[in-house]
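Asks: Let me begin by handing over the structure; questions about it come next.
What follows draws every value from the coordinates through simple rules; no lab data is involved. This is a predicted model, so every value here is computed, not measured. With ideal geometry, Cβ positions are generated from the backbone for all residues, glycine too; neighbour counts draw on all protein chains shown.
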Amino acid sequence: MENKRVRVRFAPSPTGGLHMGGVRVALFNYLFAKKHGGDFILRIEDTDQTRFVAGAEEYIINSLKWCGIEPNEGVGFGDGPHAPYRQSERKEQGIYKKYADQLVASEHAYYAFDTSEELDEMRKRLEAAKVAAPQYNAVSRQNMRNSLTLSEDEVKRLLEAGTPYVIRLKVPRNEEIRFHDIIRGWVVVNSSQVDDKVLLKSDGMPTYHLAHIVDDVEMKISHAMRGEEWLPSAPAHILIYRYLGLEDQMPQLAHLPLILKPDGNGKLSKRDKSGLPMFPLNWSDPRDNTDYVGYKETGFFPEAFINMLVLLGWNPGDNKEIMSKDELIQLFSLERINKAGAKFDPEKTKWFNQQYLRKKTDEELADLFMPMLKEQGFEVKKDFAVKVCKLVKEKAHFVTEFWSLGSFLFITPETFDAGVLEKRLNPQTHGFIAELKNALNDVSNFNAIDTEAALKATCEKTGIATGQIMQLFRVALTGLAGGPSLFETMELIGKEETIKRLNFFLEKNKV
Ligand code: GLU
């Protein structure tokens, strides 16, 4: 077991868009596989036909591609030796049924013929008797219609008549079930807490419980890493492995902690209102007709997204925060995954993107920004775009903010910040701007250094301190109360535009 080749799987159900919690599960699996030179498999668990959502599978595949955490085997990534990788297709090949039959034959599973009305009645009966958690189990099954209570002849007759049935796991009444989880250590659960899980449904489809075990064994999975929500089902899974005689082929389990809401109160939901996306890519959910925005479309870099995500529940053992994918592969270990839930931090998430933005060269940023500029109707030369990026990137978290931060470079302002005008505009400062305009007009080499010198000289000449005038000058030139260096701004927009803007300002704001 210890020497088993590392083979891990991400096994989503195509029941909707893959939210960031799912991406994190995939990411941990990916990093672990890469670290150990193993395989990372994408298996689509589509046995619940009632919850199937069209487009979900494609969305999952595209999301993994965008994040750069690509499986090397499985649906959408090339078939490996264990194809097919969609459970519905595996069911067609009869892969699951034989395991269910084996469990029935060894009397660890049984047929249950109960209708949904009968199951409802059972639940009501148990509730009336104040049973804390009503379930189909070693006690309640005795009053139900199954192959443990009915005579052999009756069971045979029902089966032959084509009566719908499910196959249930026969969980013992009172037995200690013990298993090891890499993150949680030893877990002990009494079997009285475990219900007789359905293994095969009346439509012939296996449930998740049976199907994932069969597939994990057949696909030679070494470690099963999945969300904490599956921990309560794990004892039943242990019994299934045991009853199938497959305990020695069971993958090591690792249940990953939840991602919590920013205030730490409960699980992060796809409807979270913290202002950041919950999905990697835009997702239109056909079930609730809701459009969810993606990290990609918000302007996140995939490297920043996965760097933020990996630290939700894992750390490298020191305070290092910015790590490339290669570093993460080096540093990753299951032992450093926390048990406790990890709080999602929207501000920190943006900070990650900012760090990655700052690592990019102005040329790289320009390549990203130019198509956005084009959308706004401005086609500029690359070296101009490079200068714009250099100027506006300081405050930005995203390239998608560059336009709103830098549109004043392209559009001559027609309105001026009213607060600043009220505070700073008077005959003296109006006169100063006029003086300054003349001084700037005389600058022959219109660069940041020479325009700054012209401003200083005008201040000296008029006896007005720079501090008193800069904000009004900014408003005159850009319309805005804040922004990047004015001297760099002038160099970019050029002398003609600078003078034109100042003239317009002086004319429009006569005092
Ligand atoms: N299909 C399950 C899910 O959607 C997979 C759980 C597992 O990885 O075993 O979460």
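Asks: Hey, what did the range 252-385 get for relative contact order, percent, Cα under 8 Å, at least 6 apart? Display every interim value, and only then the final one.
Replies: Numbers: 146 pairs, mean separation 33.4, N = 134.
25 percent.
Asks: So how far apart, in nm, are the two label points at residue 322 and residue 176 if each is 7 Å from Cα heading toward Cβ?
Replies: Each label point lies 7 Å from its Cα, and together they span 5.2 nm.
Asks: Taking the convex hull of the alpha carbon atoms in the range 243-307, what volume per residue do you get, in Å³? Numbers along the way, then the final one.
Replies: Values: hull volume 12.0 nm³, N = 65.
So the per-residue Cα hull volume is 185 Å³.
Asks: Between residue 354 and residue 202, what is 0.36 nm times their sequence separation minus the Cα-Cα distance? Round to one decimal in nm.
Replies: 49.5 nm
Asks: Length gain on complete extension for the stretch residue 119 to residue 51, per 0.36 nm per residue less the alpha carbon to alpha carbon distance?
Replies: On the way: separation 68, 0.36 × 68 = 24.48 nm, distance 2.12 nm.
Computed gain between residue 119 and residue 51 is 22.4 nm.
Asks: Zone of residue 192 (label point 7 Å along Cα→Cβ, backbone N under 18 Å): which residues in the range 162-182?
Replies: So the set is 171-178.
Asks: Over the C-alpha atoms of the range 177-240, what are the Rg and the largest Cα-to-Cα span, Dmax, in Å?
Replies: Final numbers for Rg and Dmax: 12.4, 37 Å.
Asks: Please state the shape class of the range 385-426: rounded when a/c is under 1.5, otherwise prolate if a/b exceeds b/c and oblate if not, all from the C-alpha gyration tensor.
Replies: Cα axes put the range 385-426 in the prolate bin.
Asks: For a quick check: sort 186, 314 by the number of other beta carbons within 10 angstrom, fewest at the front.
Replies: Least to most surrounded, the residues fall as 186, 314.
Asks: Would you please give the FRET efficiency between residue 184 and residue 152, computed as 1/(1 + (r/R0)^6) with r the Cβ-Cβ distance and R0 = 51 Å, to the nearest 0.05?
Replies: The formula returns an efficiency of 0.75 here.
Asks: Another one. Give me, ordered by chain and number, the residues 5 or more places off residue 314 or on other chains with an amide H under 5 Å from its own placed amide H.
Replies: Sorted by chain and number, the residues that satisfy this are 338.
Asks: How high is the relative contact order of the chain? Use alpha-carbon pairs under 8 Å, at least six apart in sequence, and give a whole percent. It would help to have the intermediate numbers written out before the result.
Replies: Numbers: 766 pairs, mean separation 61.3, N = 511.
So the answer I get is 12 percent.
Asks: Let me ask you something else. Fewest Cβ neighbours within 10 Å first, please rank 96, 356 accordingly.
Replies: The order, fewest Cβ neighbours first, is 356, 96.
Asks: Within 10 Å of each residue's Cβ, count the other Cβ atoms and sort 470, 323 from fewest upward.
Replies: Ranked by crowding around the Cβ, least crowded first: 470, 323.
Asks: If R₀ is 22 angstrom, what is the calculated FRET efficiency for the pair residue 511 and residue 485, using the beta carbon separation as r and rounding to 0.05?
Replies: 0.20
Asks: For the range 226-371, how big is the tail of P(r) above 20 Å, as a whole percent of Cα pairs?
Replies: 61 percent
Asks: Just to confirm a number: summing +1 for Lys and Arg and -1 for Asp and Glu over residues other than residue 338 whose beta-carbon lies under 12 angstrom from that of residue 338, what do you get?
Replies: On the way: positive: 184, 336, 339, 343; negative: 228, 335.
Around residue 338, the surrounding residues sum to +2.
Asks: Moving to a separate point now. Once the dipole of the chain is set up with Lys and Arg at +1 and Asp and Glu at -1 on Cβ about the Cα centre, which of 315, 10, 465 lies farthest towards its positive end?
Replies: Selected residue: 465.
Asks: For the range 148-217, what relative contact order do you get, as a whole percent, if you take Cα pairs closer than 8 Å and at least 6 residues apart? Let's see the in-between values first.
Replies: Numbers: 66 pairs, mean separation 19.1, N = 70.
27 percent.
Asks: Also, I was wondering about something else. Placing one identical point scatterer on every Cα of the range 286-352 and ignoring solvent, what is log10 I(q)/I(0) from the Debye formula at q = 0.17, 0.19, 0.26 Å⁻¹?
Replies: -0.69, -0.81, -1.22
Asks: Given charges of +1 on the Cβ of Lys and Arg and -1 on the Cβ of Asp and Glu, with all other atoms neutral, how large is the dipole of the chain about its Cα centre, in debye to the nearest 20? Intermediate values should be presented prior to the final figure.
Replies: On the way: 68 positive and 73 negative charges, 177 e Å.
Dipole magnitude for the chain comes out near 860 debye.
Asks: When only alpha-carbon atoms count, how far does the chain stretch along each of its three principal axes, as whole angstroms with the largest first?
Replies: 110, 51, 38
Asks: Once you place label points 7 Å from the Cα toward the Cβ at residue 426 and residue 269, how far apart are they in nm?
Replies: 5.7 nm
Asks: Same structure, new question: Can you list the HN-Hα couplings for the range 11-27, worked out from phi with the Karplus curve (6.51, -1.76, 1.60; θ = phi - 60°), rounded to whole Hz and with x for Gly and Pro?
Replies: Running phi through 6.51 cos²θ - 1.76 cosθ + 1.60 with θ = phi - 60° gives 10, x, 9, x, 9, x, x, 7, 8, 5, x, x, 4, 5, 4, 4, 5 Hz.
Asks: Jot down the per residue volume, in cubic angstrom and as a whole number, of the convex hull over the alpha-carbon atoms of the range 1-123.
Replies: It is 172 Å³ per residue.
Asks: With r defined as the distance between the Cβ atoms of residue 395 and residue 102 and R0 fixed at 60 Å, what FRET efficiency is calculated, to the nearest 0.05?
Replies: Computed FRET efficiency for residue 395 and residue 102 comes out at 0.40.
Asks: Let me ask something else about it. To the nearest 10 degrees, how steep is helix 362-375 against the longest Cα principal axis of the chain, on a 0 to 90 scale?
Replies: Between the helix axis and the principal axis of the chain, the angle is about 90 degrees.
Asks: With the dipole of the range 210-358 worked out from charges on the C-beta (+1 for Lys and Arg, -1 for Asp and Glu) around the Cα centre, which of 280, 243, 332 lies farthest toward the positive end?
Replies: Checked the options; the winner is 280.
Asks: Determine the distance separating the Cα centre of the range 396-460 from the Cα centre of the range 1-38; give it in Å without decimals.
Replies: So the two Cα centres are separated by 54 Å.
Asks: Okay, moving on. So for the range 205-259, what percent of the C-alpha to C-alpha distances run longer than 16 Å?
Replies: In whole percent, the share of Cα-Cα pairs in the range 205-259 beyond 16 Å is 38.
Asks: Which length gain, in nm to one decimal place, applies between residue 58 and residue 364 when the Cα-Cα distance is subtracted from 0.36 nm times their residue separation? Display every interim value, and only then the final one.
Replies: On the way: separation 306, 0.36 × 306 = 110.16 nm, distance 2.93 nm.
Length gained, residue 58 through residue 364: 107.2 nm.
Asks: Next up: Average the reciprocal distances over every distinct pair of alpha-carbons in the range 297-448, invert the result, and give the Kirkwood radius in Å.
Replies: Taking every pair of different Cα atoms in the range 297-448, averaging 1/r and inverting gives 19.2 Å.
Asks: Rounded to whole Å and sorted largest first, list the principal axis extents of the Cα atoms in the range 355-511.
Replies: Principal-axis extents of the range 355-511 (Cα, largest first): 44, 31, 28 Å.
Asks: Follow-up. Which one of 409, 427, 391 has its Cα pushed farthest toward the positive end of the charge dipole of the range 372-451, where Lys and Arg give +1 and Asp and Glu give -1 at the Cβ?
Replies: 391
Asks: Take the eigenvalues of the Cα gyration tensor for the range 181-285, scale each by 5, and report the square roots as semi-axes in whole Å, largest first.
Replies: Sorted largest first and rounded, they come to 30, 18, 15 Å.
Asks: Of all the stretches in the chain, which is the longest one without any exposed loop site, taking GluC sites (Glu not before Pro) in a DSSP loop (any state but H, G, I, E, B) with at most 11 other Cβ atoms within 10 Å?
Replies: 108-378
Asks: Here is a further query. Distance cut-off 25 Å, Cα to Cα: go down the list 261/350; 98/170; 97/130; 387/500; 350/382; 320/359 and report the pairs above it.
Replies: On the way: 261/350 16 Å; 98/170 17 Å; 97/130 37 Å; 387/500 21 Å; 350/382 27 Å; 320/359 16 Å.
Violating the 25 Å Cα-Cα cut-off are 97/130; 350/382.
Asks: List the trypsin sites (Lys or Arg not before Pro) within the range 211-277 that fall in a DSSP loop (any state other than H, G, I, E or B) and whose Cβ has at most 12 other Cβ atoms within 10 Å.
Replies: Of the trypsin sites (Lys or Arg not before Pro), the ones in loops of the range 211-277 whose Cβ has at most 12 other Cβ atoms within 10 Å are 271, 273.
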